[in-house]
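Taking it in order: structure first as structure tokens, then the write-up.
Any read-out appearing in this document is the output of simple, stated calculations on the displayed coordinates, not a laboratory observation. Computed from a predicted model, the values in this text were never measured in an experiment. Backbone-built Cβ (ideal geometry, glycine too); neighbour counts: all protein chains shown.
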Amino acid sequence: MTDSIQFHGQEKITQWLNRVLKETKDSTELLHEIGSILESNTKERINSGIGVDDKPWQKSWRARVQGGTTLRDTSRLYNSIKYQVIGGKRVVVGTNVMYAALMHFGGTIKPKHGKFLTFKTPTGGWVRVKSVTIKPRPYLGVSVDDSQDILFTIEEYLEKVLKDAKPVL
């Protein structure tokens, strides 16, 4: 009894499968494409004011008064959003701006020293308050649209790999 089956064209198919495996073993190019999509879509969420959950954010007081965009006063947060491919195996999107988590998850700011926070308002005056509550504005993450973009990109990548690896018969 034999423990393998041989058939006509087996060598060509084996070569093709080996090429496919070789091409997909290093998915760095694909991860860079996915990272670029996620970085771009994250920035678009800030521009549109619509969160990862597809719900619009409450516009910030500053943006209402000045006619600007929420989370985009100086563009420091916006410009800091970057993607990174780690170890050729995964992609992360994030920011190194210290207040990013507060803007994403929301929270309450209280004075470290004394009883009041004192700051200049968007209208130019000064205010003293015991605390400031920041509403959550979830801009980081993967939305349904992001998932669709990523799946389409993976599909195109695999289609190209399969086509390029196809043996000449």
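Observations on the structure shown:
- Length-normalised contact order of the chain in % [C-alpha pairs under 8 Å, at least 6 apart]: 28 percent
- With the biggest extent put first, the Cα atoms of region 68-158 measure 59, 28, 20 Å across the principal axes.
- For region 114-130 versus region 16-63, the gap between their alpha-carbon centres in whole angstrom: 37 Å
- In plain terms, if you count all Cα to Cα distances in the chain and split them into 10 Å steps from zero, the share in each step is 9, 26, 23, 16, 11, 8, 5, 2, 1, 0 percent.
- With a Förster radius of 25 Å applied to the beta-carbon distance between Leu162 and Ser48, the computed FRET efficiency rounds to 0.10.
- If the segment from His113 to Thr24 were pulled out straight at 0.36 nm per residue, it would be longer than the present Cα-Cα gap by 26.5 nm.
- Sites matching trypsin sites (Lys or Arg not before Pro) across region 110-144 that sit in DSSP coil, with at most 11 neighbouring C-beta atoms within 10 Å: Lys112, Lys115, Lys130
- Helical runs assigned H by DSSP (4 residues or longer) give the chain a calculated mean residue ellipticity at 222 nm of -14000 deg cm²/dmol, each run adding -39500 (n - 2.57) before division by the residue total.
- When the pairs Lys82/Lys110; Lys59/Lys112; Lys89/Lys160; Lys25/Lys160 are compared against a 25 Å limit on Cα-Cα distance, Lys82/Lys110; Lys59/Lys112 fall above it.
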